[in-house]
1. Looking at ALA206, ALA183, which is the one that is touching a residue at least 60 places away in the same chain (Cβ under 8 Å), under 30 Å from GLY137 (Cβ atoms) and out of contact with any strand residue (DSSP E or B) (no Cβ under 9 Å at 6 or more places or on another chain)?
2. Collect the residues in segment 244-272 that are modelled with pLDDT of 90 or more and among the hydroxyl-bearing types (Ser, Thr, Tyr), keeping them in residue-number order.
3. Against the condition in contact (Cβ under 8 Å) with a residue 12 or more places away in the chain and under 22 Å from VAL3 (Cα atoms), how does VAL155 come out, does it pass?
4. Within the group SER344, SER348, SER268, SER306, which residue is touching a residue at least 40 places away in the same chain (Cβ under 8 Å) and in contact with a Lys or Arg (Cβ under 8 Å, 6 or more places away or on another chain)?
5. Restricting to strands (runs of 3 or more DSSP E) lying wholly in segment 279-353: which have 3 or more residues that are crowded, with 18+ Cβ neighbours inside 10 Å, more than 32 Å from the chain's Cα centre (by Cα) and not assigned by TED's automatic domain parsing to the domain that holds SER264?
6. Assess whether ALA144 counts as being surrounded by 15 or more Cβ atoms within 10 Å (Cβ to Cβ), touching a residue at least 40 places away in the same chain (Cβ under 8 Å), in contact with a Phe, Trp or Tyr (Cβ under 7 Å, 6 or more places away or on another chain) and in a helix (DSSP H, G or I).
7. Report, by residue number, each residue of segment 19-36 that is surrounded by fewer than 20 Cβ atoms within 10 Å (Cβ to Cβ) and assigned to a loop (DSSP other than H, G, I, E, B).
Amino acid sequence: MSVSIHIENLVKRFGDAEAVAGLSLEIKPGELFFLLGPSGCGKTTLLRMIAGLETPTAGRIRFGDRDVTNLPANKRKIGMVFQSYALWPHMTVAENVAFGLKVRKIPGPEREQRVREALAAVQMDAFAERRPGQLSGGQQQRVALARALVVKPDVLLLDEPLSNLDAALRIEMRREIRRLCRATGITSVYVTHDQEEALSMADRMAVLRLGKLMQIGAPRELYANPASRFVAGFLGESNFIPGVVRSVENGRLVVETKAGSLVSTRPSTEQISAKAEVVCSVRPEAWEVNGAATGENALSATIVDSLYFGSSAQRHLELDGGIPVKVFEANPEAHPHGDRVRVSVDPSQVVVLTT
């Protein structure tokens with residue numbers, strides 16, 4: 001049965017440095033939950049406290065109804081997958097996977113059956129007698145996953161497990177990890193700084209900065225409705241256009257910018273009033289380049305640079321008022337450097353932020 005993870009007012013200090021600053025969140029049973037943020041944001045420290053490898057300075061951690069705050073790692077029923085695989089080079093694949101079961105004194109016949117099942121789950125049963133040095137990086141990571149799963153943990157913890165793999169293998173292993181988490185139903189916590197990895201795999205995720213929780217939610221929700229400039233800029237790319245709110249009426253915000261007026265109908269995560277200084281966040285793919293664009297949210301711009309990819313183009317433009325923006329254009333027309341164009345964006349794609 002899957003367990004939930006409850007983190008309550010968790011603090012971790014190293015001397016005068018506060019790596020985790022009073023953080024609270026709940027991870028649902030069976031969820032693949034991501035901790036995402038730049039280096040130094042506290043995500044790995046938080047994972048290590050969940051694992052029992054670091055002791056919190058303050059706060060509490062529960063697995064379901066069980067308080068594990070002060071339990072050592074070997075009493076928490078966790079499986080852990082590391083960035084470095086951490087396989088024993090002198091042991092076979094089967095022996096590596098069986099190691100945790102031997103420590104737990106699982107009888108031989110049951111141990112062998114569980115090893116076979118775990119290797120089959122990660123599609124490595126044909127490699128049981130090989131040693132880690134005879135495997136590719138992706139195969140070694142599959143073995144590390146099997147070793148974590150074979151002990152039937154309550155919680156699976158993954159610490160940047162794909163960062164040592166090349167791009168093609170990372171994509172393959174993303175699918176594999178997500179498949180395994182769904183198939184086993186184990187509550188899983190995954191640490192990464194890779195936004196694409198989190199967006200493509202997570203059920204929900206938490207974005208951290210300087211040890212604090214900035215926003216939590218499903219990938220699509222956080223990408224479409226960032227609560228701050230930091231989250232908008234960290235999750236993918238965004239254009240930030242400063243301005244002042246001219247009016248707020250019937251769910252429509254009109255923002256006056258140096259490039260002209262921008263209207264937003266996107267519900268805000270905070271209360272915004274007229275005359276407030278704000279930043280409009282617009283994703284590059286939300287713009288449309290059209291020389292005849294008129295009406296609401298149609299602005300004039302100059303082509304500064306273009307990268308042509310056949311089916312798409314990446315445009316660097318300068319809006320009137322000297323505001324640079326990046327635009328991803330599908331089925332692009334030919335626009336030479338210095339060409340004047342009109343760009344437009346649907347009001348539902350303009351996110352107004354005060355921070």
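The values are calculated or read from the model by the stated rules, or taken from the named source; none is laboratory data. Remember, it's a predicted structure, so these values are computed and weren't measured experimentally. Cβ coordinates were reconstructed from backbone atoms using ideal geometry, including for glycine residues, and neighbour counts include every protein chain displayed.
1. On the way: ALA206 fails: out of contact with any strand residue (DSSP E or B) (no Cβ under 9 Å at 6 or more places or on another chain).
Residue meeting the stated conditions: ALA183.
2. SER247, THR257, SER261, SER264, THR265
3. For VAL155, the condition - in contact (Cβ under 8 Å) with a residue 12 or more places away in the chain and under 22 Å from VAL3 (Cα atoms) - is met.
4. SER348
5. Passing ranges: none, list empty.
6. Judged against the criteria, ALA144 is a match.
7. Passing the criteria: LYS28, PRO29, GLY30.
Quick grid of which residues meet (1) within 27 Å of LEU165 (Cα to Cα); (2) of a type in the set (A, V, I, L, M, F, W, C); (3) in a helix (DSSP H, G or I):
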site: PRO38; (1), (2), (3): yes, no, no
site: LEU46; (1), (2), (3): yes, yes, yes
site: ILE50; (1), (2), (3): yes, yes, yes
site: PRO56; (1), (2), (3): no, no, no
site: ARG60; (1), (2), (3): no, no, no
site: LEU87; (1), (2), (3): yes, yes, no
